[in-house]
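The block underneath contains the structure these notes are about, expressed in structure tokens.
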Amino acid sequence: MSFLRFLMLLSLVVWIGGLIFFAFVLAPTAFQILPNTHLAGNVVGRALGKLHWIAIIAGIVFLLASLLHSYLTQGTAHIFAMRHILICLMLALTLFSQFWIIPRMDTLRASVGDFAAVPLTDPQRVQFDALHVWSTRVESAVLLLGLVAVYLTAGALAAPR
């Protein structure tokens, strides 16, 4: 059982820790250090894609470990436990970002090049900026849901059996 608890906690730590590192360290640093926003955007975009794959794997590991842990300790998998629902929502948002938002941003970035040289009113720039806002909202929602999932998981694992 302790190995399943370890997998559950590790997957949450990796996912939520990655989001926090990305949002508060990697992205701001890239835009401060790199010589232009085009390069910084490329670095941040590639890192976000890798973070999404880590998140997808972590979410699946969490679900499998948590369902199995619940089944072995309580006799039922508790499929609709709130922590499982939150992880599924987080996975859905991550998949939406990875396979819908990011590809559209990449296409616009490839066709425009450097957005710093494009007027704010350019239709492609407006579309890119709108997608960026949605990307930020989605990642923020995943982080908030993840923090709640950590709290619920900690409570579930600490509850007397």
Q) Of all residues in the range 66-92, which are under 25 Å from Val138 (Cα atoms) and of a type outside the set (Val, Ile, Thr)? A) Ser66, Phe80, Ala81, Met82, Arg83, His84, Leu86, Cys88, Leu89, Met90, Leu91, Ala92
Q. What number of residues within the range 130-151 are within 15 Å of Gly41 (Cα to Cα) and surrounded by 15 or more Cβ atoms within 10 Å (Cβ to Cβ)?
A. 3
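Every read-out reported here was derived from the displayed coordinates using simple, explicitly stated rules and does not represent laboratory data. Predicted model, so just to flag it, every value in this text is computed and none were measured. All Cβ positions, even for glycine, are placed from backbone atoms using ideal geometry, and neighbour counts span all protein chains on display.
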